[in-house]
1. Report whether or not B:Leu150 is among the hydrophobic types (A, V, I, L, M, F, W, C), more than 8 Å from chain A (Cβ to nearest Cβ) and open to solvent by less than 10 Å² (accessible area, probe 1.4 Å).
2. From A:Thr232, A:Thr238, grab the single residue that is more than 21 Å from the chain's Cα centre (by Cα) and either open to solvent by less than 10 Å² (accessible area, probe 1.4 Å) or not basic (Lys, Arg) (or both).
3. Suppose we keep only residues that are among the aliphatic types (A, V, I, L, M) and in contact (Cβ under 8 Å) with a residue 60 or more places away in the chain within segment A:325-345. Which one would you say is farthest from A:Gly410 (Cα to Cα)?
4. Could you tell me which residue of segment B:404-413 is farthest from B:Arg290 (Cα to Cα), considering only residues that are aliphatic (A, V, I, L, M) and surrounded by 19 or more Cβ atoms within 10 Å (Cβ to Cβ)?
5. Could you check segment A:5-24 and list, in sequence order, the residues that are in contact with a helix residue (DSSP H, G or I) (Cβ under 9 Å, 6 or more places away or on another chain) and not hydrophobic (A, V, I, L, M, F, W, C)?
6. One residue is enough: does segment B:243-256 have a residue meeting the conditions in contact with a helix residue (DSSP H, G or I) (Cβ under 6 Å, 6 or more places away or on another chain) and of a type in the set (Ser, Thr, Tyr)?
7. Which of the residues spanning segment A:177-191 are within 7 Å of chain B (Cβ to nearest Cβ) and within 23 Å of the chain's Cα centre (by Cα)?
8. Got a sec? Which of B:Ile236, B:Ile205 is touching a Leu at 6+ places or on another chain (Cβ under 6 Å) and β-branched (Val, Ile, Thr)?
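The values are calculated or read from the model by the stated rules, or taken from the named source; none is laboratory data. Predicted, not measured: the structure shown is a model, and the values here were computed from it. Using ideal geometry, Cβ is built from the backbone for each residue, glycine included, and neighbour counts are taken over all protein chains shown. Remember, those area values only see protein heavy atoms, side chains included, never the ligands or the DNA or RNA. Shrake-Rupley method; radii C 1.70, N 1.55, O 1.52, S 1.80 Å.
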Protein chains: 2
Amino acid sequence: MRTHKCGELNKHHSGQAVELFGWVHRRRDHGGVIFIDLRDRTGLVQVVFDPDSPETFAVAESARSEYVLSIKGLIRDRPAGTVNPNMHSGEIEVLAARIEILNESETPPFPVESDIEVNEELRLRYRYIDLRRTAMQEKMKIRRDVTRTLRNFLDDNEFFEIETPYLTKATPEGARDYIVPSRTHENAFFALPQSPQLYKQMLMIAGMDRYYQVVRCFRDEDLRADRQPEFTQLDIETSFMDENEIMTIMEEMIRQLFAKVINVKLDAKFPRLTFQESMSRFGVDRPDLRILLELVDIAEEMKAVDFKVFSGPANDPDGRVVALRLPRGSDLSRKDIDDLTKFVSIYGAKGLAYIKVNDRQAGMDGLQSPILKFAPDAIWMKVLAKTNAQTGDLIFFGADKANVVNEAMGALRVKLGHDFNLLEGEWKPVWVVDFPMFDWDEKSQRYNAIHHPFTAPSCSDEALVANPGAALSRAYDLVLNGTEVGGGSIRINRTAMQQTVFNILGIGEEEAEEKFGFLLEALKYGAPPHGGLAFGLDRLVMLMTGSASIRDVIAFPKTQSAACPLVNAPALVTDEQLRELGIRLIKPAGKEKV
Amino acid sequence: MRTHKCGELNKHHSGQAVELFGWVHRRRDHGGVIFIDLRDRTGLVQVVFDPDSPETFAVAESARSEYVLSIKGLIRDRPAGTVNPNMHSGEIEVLAARIEILNESETPPFPVESDIEVNEELRLRYRYIDLRRTAMQEKMKIRRDVTRTLRNFLDDNEFFEIETPYLTKATPEGARDYIVPSRTHENAFFALPQSPQLYKQMLMIAGMDRYYQVVRCFRDEDLRADRQPEFTQLDIETSFMDENEIMTIMEEMIRQLFAKVINVKLDAKFPRLTFQESMSRFGVDRPDLRILLELVDIAEEMKAVDFKVFSGPANDPDGRVVALRLPRGSDLSRKDIDDLTKFVSIYGAKGLAYIKVNDRQAGMDGLQSPILKFAPDAIWMKVLAKTNAQTGDLIFFGADKANVVNEAMGALRVKLGHDFNLLEGEWKPVWVVDFPMFDWDEKSQRYNAIHHPFTAPSCSDEALVANPGAALSRAYDLVLNGTEVGGGSIRINRTAMQQTVFNILGIGEEEAEEKFGFLLEALKYGAPPHGGLAFGLDRLVMLMTGSASIRDVIAFPKTQSAACPLVNAPALVTDEQLRELGIRLIKPAGKEKV
C-alpha cells in the first residue's frame, strides 16, 4: 500500500522514504538522468532515476507515457535553481530506489495534458483518458464537493433522503417519456421519471415532513444546445412551510454551498423579483443581473405618434415598445448596427431602430437617427429623460408583439452586456416569484400550466375559475447569472382545487382519474400544506466550475444525438428479447448497426 | 412556522408556549374534555381542549382521525396519575389555546397504528397511509441513517462519489435486462444497468482512484421470494489495493455502521472462510455462523461399508457423505423425524438417516437406528467420535451427489438451529474467499463465471488455461447471519487475461468485441490494478431493522409481480408513442387495461 499520494508531497516530507503509485505523465531524459512526472488523482511529483542504480534505471528507461508505476524512493529537496513554482510538489523530488511497471500503455489517442484542445466525440469515446486530465479531475472533485455540501446541509436540517422509483408511470412534465416494456404485464410499459414530483408529494402526505434526494431524471427531448437525456436533480420537498420559509432556507443552503466549495460570498439576502418586473426590465424570467442594461417601457409615449411601427404595438394590448440604452455606444459603426439588427432578427424582430446621443446638451441637434422625424421632439426628449441618456450613448428600440420584443431585446441586452463588458459583480442570484398560473395557447385554444399542474395558486378557487389568465401561482425560480438553477412551488393539497386546475387545463374527469387518480385520492386523506423545489445539479456544477457545457461535469455524458460513444449505446437487441417483451420493430429491415 | 416537533417535547418544555403541526392520531373525549394525540415524524404529544374555550373546543370536536392540525398552546405537566411512561412526551401535555384544521381526512382504508396487521397489497396501494405508521417511519429513518453513515465513512476516506449512466448498454450479469427504446436511433435500445460494473472499472482506468455510488440497479428477473426489479446498491471501487486491504477497510466501514446506527458492536476482525471450508462445514457459501451445528464429512469412513446408500456417494468424486449432530435431539419423535425427512426432500434428498445416541457410554447398545446393521460397529464408533456425539444427541446423515447433500443438509442445519434455538451471538459477519473462478455447466457443456467475467484469478494465465475448473478467483463475499450482504473482487486489468477468460467462457472474439470491445481497448491504456465490491443496501437495512422483507425498507416497492399498485404502473401507452419509437405490440388485441 502506498505511503502518500503524489500531489500531497512537499518540503515537509523531505528525507522521508515513500511508496507511490501513479501514471507516467511525462518522461524526460536529461544529462544522463531520467525524470518522470508521476501523476495520481492528487497531482504530480517528479521522480528521479540515477544511472548509478542500473537496474532501476533500465526499467525507468522502458516506461512510456501513461504506464502505471509503483515507486519506492526518498524525498529530497530539489537542487537550487530547479524548483518548479507551478507544481504543488515543485520544491522536492523523489529519488527512486525501486520501480515496478504495474501495467503498460499504448500511446493514448490524445495527450492527457489539459490545455490541448481535442474533438469532443473523441474525448467521449475515450472518456477514461479524458477524465485523467487535471481539468476534468478537478470538475469531478468539485461535483462531489457540491453534492456532499448540499447533502450535509440538508441532513443537518432534518431533511430525510428517501429514494423513489425509476420504473414508474408517465406524468406530464412537458417532455416525452422514456418508456420501458414490461415482460410480466402484457402490453404495459413503465416510464422513467421526468422528476419524482408526485412521489415526493406522496411522501409529504405520508408525514415524512422534509425530504430530499439526489435523483436522476429522464427526458426524451429533441436535444437542444445543452440538454442530456438523463440529468441529475437535487429534489426537495417540505411540509408546513410557506414559500418565504422555503426560499429563506434554500438560499442559505446555496450561500453555504458557494462559500464552502468555491469560496464565494453570495448576497446575505437574495433579491426577489416578480415575474412581471423581470419581464418588464429584462425581457426574460431568468434575468442576468450582472448585466447593467435595462429595458424601459415607452408605450405610453408612443401611443399617439404618427409612426405605425411604434404606435401599433403601443396601442395593442399584446404589444410592447421599449428602449434600451447602451452607454458609450454612439460610436458604433453602421456595420456594428447591421450585425445587431441581424442578431435580433433571429428572435423575430423585424428591425432595430436606434438613436445616437452625440450631445445630450444640444437637444434634438445632438441626436442622430433615421427615425427622429417620425415623432415630435418632445416625445424624444421624454424618451431621453426616461432612459437617462447621456452624451455618447446609443438607444435601441424594440416594438412588436410583447413576446417578440421580450425575446429579441432581452437577448440583445445580454449580448451587449457581454460584448461591451457592462457587467457588475461575479455572482448574481435572484428569486423570481409571482408567476402566472397559466398561459393561453392560441393554437390549441386552451391554457397551459406555466410550472406544472400541481402548483398552488395564490388566489381562491373562485378567483381562479373566474379569470384563470390573471391568476398568479405560488411558484419561485432561483436564477443565477441568467441561468435558472432551481425552481419549485407550494403545491395544491386539496382535491377540489386540484380538480379545478385540471379542468382549466382541459384535462377531463376520465383522463384525470386515469393519470392522477392516485393523487386525487391521496389528497383526501389528510394531505398537509407542502411545497418544495428542485435544483439542476449538472447546471449548478457547470456554473461553479466555469464549464462551457453540462457534458463537462458529467462523468459519462451522452452526445448531442443522445448516444454514448464509449460503450456504443443505444445498440441493437435480439429478436428473442423483443419477443419476450411482446414488441417488435416496425422497420426491422433497417437492421444495420447504429 | 412551528416552534417544536411533537415527539421532541418533554418535561423541560413545561411552561413554554408552543406552535405545532401534525395529524390527529387519536381523539378521546373524557370527562367533558377532548384529548387529541397529535402526531408528526418525531412522535406523539397529547393536546388537551378545555370546554372553557368554547370556540377552540368546537373545532377540536370536529377533528377526526388523520385531520391535519395547527395547534398553539402551553406545555404543562400532566396531572399526577395521568403520566404515560410509554410515550416520550408522556410527562407533559399541551393545553390548546388555538386550533386550526389545515386539511380534513376521510376515514383511512386502514388504521395508522403500527400493530394492526394489514394485507400487503392494500398497504402498497395506500403507501402514503402505510408510511405514516411509526414502524415504517422508523425504518425510513434507519435507512437514511445507514446511507448517511456509509457516505460519511467513504467521503472521509477519500472515496469520490461519481454518478454513472442509467441509459446504457447491456452487460451480462446473469439476469435479463430492462431495455429502453431510443427514438433517435432506429431500432436501437438502451439497457438499464444491472450494476455499474464496467463504468466503475472505466473510472479506475481514468485515475479516479477511489469511487463509490449509492446507485439503483435493474434486473428483469422472475421475481423470487424477496427480489425487486429495481434495488439499491452501495457500489465501490478502488485502485492500488489488494483484496486484504479492501476487506480490511470495508469491514471497518460495516463495524462503524452498526455501532453508529443500531449501537451494535461487531467483531474487531471478521473471520474469513474459504469457499471450500464453508461448503464443507455448512453446505453453503453464505453460512449463518450464529448456528452452532456443523456438517462432518464421513466419506472416508463409509467407502468400504456394505451399504450402497452411503458407499456409493462416498466413492463418487461428485458425491458427499456427511453427519450432522443435533445436541439433545434423541427424544425427537418418529413424526418429528418424518417431518424433517419431508423438509430435506424439498432439496432433493431421497431420505434422512439418523442415529439416536441414547447412552454414549454403552457403546452400540446405547445407539438406536434402523441403519446400524449396515456398517460395522467400529465405523459407527468412529462416526460418534468424529461428530463428538454425547448422550442424548441425535445424528442425521446425508449421502448423495455433493450439491444435493450441501443443499439439503445445509438447509437442515439452518432449520434445526432455529427450531432448537442452537444459536450463539446476534450478529455474525464472515468473509468468504477463494471461490472457484468457474463452474462447469453439464447442460451447455461449458464454464460459467461464478462471479462475473471481469473477476481476476489468483493464478497465472498459464495455470488458468491449463485447468480452468481448478482455478480460484480473487473474489470475496461478505455474509451476515446467513445473508450475502456484499461481494466483489479484484478485477482483471490486462487485455490478454481478459481475453483468456472470455475464451474459457466460450465468448468468441466477435462477441467479445461487440459487447466488451471498449473494455478490452481501455485495458490497453494503462489500467491500474483495481478491485471493489457492492453492498445490497436494501438487504443490509432489512437486516438492521429486523424486517421480514426488503419491501418494508423501500418507500415505494413493487409487488411480487413487478407492479406498483399506488400509481398503477406499468400501464398502457399510446400507439403514437410506440410509433415514434419504431416499435409495435405483437398482440395489440390484448389491449385491456392491466
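1. Yes; evaluated as a whole, the condition is true for this residue.
2. A:Thr238
3. Selected residue: A:Leu332.
4. Ranking the qualifying residues of segment B:404-413, first place goes to B:Val404.
5. A:Gly22, the sole residue that qualifies.
6. No, segment B:243-256 has no match at all.
7. Residue satisfying the conditions is A:Tyr178 alone.
8. After ruling out the rest, the residue left standing is B:Ile236.
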